[in-house]
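Beneath this line is the structure, given in structure tokens, with notes to follow.
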Amino acid sequence: MTDFLQLLISGLATGAIYALAAIGFTLLWQTSQTINFAQGEFVMVPAFLALIAMRWFGVPFVPSLLLAILGSMLLLGVAFRYVIVGPLIRRGVLPLVISTIALSILLKESVKDFYSAEAQTFPTLLPDTLITVAGVSVSLAQLGVLAVALVTIVLLQWFLAGTRTGRQMQATAQNPTVARILGVPVERMILYTFLINAALAAMASLLVSPIYLAKFSNGETLGLIAFVAAIVGGFNQVRGAIAGGLLIGVLDNLAAAYVSTAYRQAIPLILLVLVILFRPQGLLGRKEERAV
């Protein structure tokens, strides 16, 4: 039982990171019908922005994290919205999908060529020491990751449900035409969504890099798992993306411990197939009907 609780906590910590990336998929789809296949690279890049600030310019650790988040919001939020999505969204889904795939390759190869192809150690705010509570030994760093990720998710949920801007963003996601008639600045709300996605990706990057190192190839796995988590939970529900990320994190950890590490990469795909077969709208998603 003690081992199970340890695996559960570490799985929730990893799943919370997946959830942060998965929420970005959901938000972008809801507000702008954009599927960003560069989302994994969006999670990879901010860690290298922080490393560049620290190692090339001598910026202290904490300010470098803030600069990485700000840089991510400008590069992966504003620039992505106006340079790639804005001109291409009018041409349909396929050109935009191809462009985001090209962007993921560009970001990955740029980091590999201009920084390093080697995995880089990334500092952490909390030491990786074990603490024991009721016989359960848990890493302090894992608890910190879980706490920061969950606080970020709670604040996002509060912002979306409890503020005027958040409600306007939800109105834009539900029906942009009606929202525009009611006076909601739809274009501004869409921009806010891109900024929030970039900030969430940066948070996920800064949380996962101390555990799995900063690698140019991190985005491949993170992007796939986040995409699967969004589908499993419900692509049209933020709470679905959260549930999907946490579920995959826990199942992945349990499968590695009780089944085999050789099959842990297959767990998200098996879960995806089961959800598509038996509940296509996702575990917490809602069915959508479209007029043809």
Lone qualifier among GLY86, GLY40 - being over 15 Å from the mean Cα position of the chain (by Cα) and modelled with pLDDT under 95: GLY86
Residue within region 12-30 that is free of Cβ contacts under 8 Å to residues at least 24 places away in the same chain and surrounded by fewer than 21 Cβ atoms within 10 Å (Cβ to Cβ) present: no
Filter pass, VAL259 being within 27 Å of ASP3 (Cα to Cα), out of contact with any helix residue (DSSP H, G or I) (no Cβ under 8 Å at 6 or more places or on another chain) and β-branched (Val, Ile, Thr): yes
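Of the residues ASP113, ASP128, which is under 17 Å from LEU207 (Cβ atoms) and of a type in the set (D, E, K, R)?
Details: ASP113 fails: under 17 Å from LEU207 (Cβ atoms).
The match here is ASP128.
Could we say that ALA47 is touching a strand residue (DSSP E or B) at 6+ places or on another chain (Cβ under 6 Å) and within 23 Å of GLU220 (Cα to Cα) here?
Values: touching a strand residue (DSSP E or B) at 6+ places or on another chain (Cβ under 6 Å): yes; within 23 Å of GLU220 (Cα to Cα): yes.
Yes, satisfied.
The rows are residues; the columns are (1) in contact (Cβ under 8 Å) with a residue 60 or more places away in the chain; (2) more than 21 Å from GLY15 (Cβ to Cβ); (3) not aliphatic (A, V, I, L, M).
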site	(1), (2), (3)
THR152	yes, no, yes
LEU155	no, no, no
GLY162	no, yes, yes
GLY183	no, yes, yes
LEU195	yes, yes, no
ALA199	yes, no, no
MET203	yes, no, no
PRO210	yes, no, yes
Scope region 237-276; condition over 23 Å from THR26 (Cα atoms) and among the basic types (Lys, Arg); matching residues: ARG264
Qualifying residue in region 203-211 (condition: closer than 26 Å to ASP113 by Cβ and surrounded by fewer than 21 Cβ atoms within 10 Å (Cβ to Cβ)): yes
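Here are ALA117, ALA141: which of them is at pLDDT below 95, among the hydrophobic types (A, V, I, L, M, F, W, C) and surrounded by 13 or more Cβ atoms within 10 Å (Cβ to Cβ)?
On the way: ALA117 fails: surrounded by 13 or more Cβ atoms within 10 Å (Cβ to Cβ).
When all the criteria are applied, what remains is ALA141.
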Residue within region 147-165 that is surrounded by fewer than 21 Cβ atoms within 10 Å (Cβ to Cβ), modelled with pLDDT under 90, in contact with a Ser or Thr (Cβ under 8 Å, 6 or more places away or on another chain) and not aliphatic (A, V, I, L, M) present: no
Residue in region 271-281 that is in contact (Cβ under 8 Å) with a residue 24 or more places away in the chain and of a type outside the set (A, V, I, L, M, F, W, C) present: yes
Test: residue in region 215-237 that is among the hydroxyl-bearing types (Ser, Thr, Tyr), within 20 Å of LEU49 (Cβ to Cβ) and surrounded by 23 or more Cβ atoms within 10 Å (Cβ to Cβ): no
Helices (runs of 4 or more DSSP H) wholly inside region 63-181 that include at least 3 residues being under 20 Å from ILE211 (Cα atoms) and of a type in the set (A, V, I, L, M, F, W, C): 140-162
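Return a yes/no flag: does region 49-62 have any residue that is part of a helix (DSSP H, G or I), farther than 22 Å from LEU213 by Cβ and either of a type in the set (A, V, I, L, M) or touching a Leu at 6+ places or on another chain (Cβ under 8 Å) (or both). First the steps, then the outcome.
So in region 49-62, the residues part of a helix (DSSP H, G or I) come out as 49-55, 61-62.
If we keep only those that are farther than 22 Å from LEU213 by Cβ as well, we get none.
No - not one qualifying residue is present in region 49-62.
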Selection within region 211-254 - over 13 Å from the mean Cα position of the chain (by Cα), among the polar types (S, T, N, Q) and under 17 Å from GLY40 (Cα atoms): SER217
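The values are calculated or read from the model by the stated rules, or taken from the named source; none is laboratory data. What you see is a predicted model; the values in this text were computed from it and never measured. Here the Cβ is made from the backbone with ideal geometry for all residues, glycine too, and neighbour counts use every protein chain on show.
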